[in-house]
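To keep things clear, I will list the structure first and then write my remarks on it.
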Amino acid sequence: FLTGQTGVEARLEAFRSGGDDYLPKPVVNEELLTRVKVRLDRSRMLRDRSDKDTTTGLLLRRAFSEQLSAILAEAQRLKSTFTVCLLDVDHFKKVNDTYGHLAGDKVLAGLGQLLSRRFRVDDLRGRWGGEEFMLAFKRETKATMHLAVQRVLDEFRSITFSGDKGEEFCNSFSGGIAEYPIDGESVFELVKIADARLYQAKKRGRNQIVLDNDIFDEVKSESSEASVGH
């Protein structure tokens, strides 16, 4: 509130009404701008904290989904492409059971830090849930990003983690990739295809990234049959 009223009751009423600050006139422009800047910085900090996963430092699923929808809208408008990749840490339950839950958190944090250091600033990296991670790459094909994610997998496999009792172990992840618009024209379709290819990577022995079209055809066929049956 910027006002000429300086009484205590006026101040209290301003704050009761939801005011963040109360400045009596006349106000120095520099002071007003500084107060606004402080609140903007604080708001951004709180938003960043609420959007980020504390273990991995990556976007939470809700925040990731919102930004992914924006990428889809941009791709539709510009008639460009983008790629999503769903990752899953291999044998994560076994890691927790064998080396302890703190060791499991170290694995998640290690992969989160690795993903944060790789790729471009405007690429999305998020924790999809549990030991699953989701990536999104603007204006990139799945063939190009398959190579990039494969390099991250190679690097992740070389990291040595320590268990709760000092044991040393390494880990890997599996992934599935889908590209807009050839694999799907909505976020739901793309995630579904990426998830199907992730499942195929696990069936093939894990520790790999799959972008095969036969999985896409299989899921599309199932969806068509379901539509006909309905």
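The values are calculated or read from the model by the stated rules, or taken from the named source; none is laboratory data. All values reported here derive from a predicted model rather than from experimental measurement. Cβ atoms come from the backbone with ideal geometry, glycine included; neighbour counts cover every protein chain shown.
What the table shows:
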read-out: Selection within region 2-25 - under 12 Å from R35 (Cβ atoms) and either of a type in the set (S, T, N, Q) or touching a Pro at 6+ places or on another chain (Cβ under 9 Å) (or both); value: L2
read-out: Pairs with Cβ under 7 Å, 6+ apart, first in region 19-42 and without any contact (Cβ under 8 Å) to a residue 60 or more places away in the chain, second hydroxyl-bearing (S, T, Y) and surrounded by 11 or more Cβ atoms within 10 Å (Cβ to Cβ); value: P24/T3; K25/T3
read-out: Search result, residues across region 151-208 that are over 11 Å from V84 (Cβ atoms) and small (G, A, S); value: S158, S162, G163, G166, S172, S174, S186, A196, A201, G205
read-out: Any strands (runs of 3 or more DSSP E) falling wholly within region 80-193 and containing at least 3 residues that are modelled with pLDDT of 95 or more and within 20 Å of T55 (Cα to Cα); value: 82-89, 124-129, 132-138
read-out: Pair list, Cβ under 7 Å, 6 or more apart: region 43-57 residue among the acidic types (D, E), other residue modelled with pLDDT of 85 or more; value: D51/L59; D51/L60; D51/A63; D53/L60; D53/R127
read-out: Filtered residues of region 104-131 (kept if buried (at least 18 other Cβ atoms within 10 Å of the Cβ) and closer than 22 Å to F169 by Cα); value: G104, K106, V107, L108, L111, G112, L115, E131
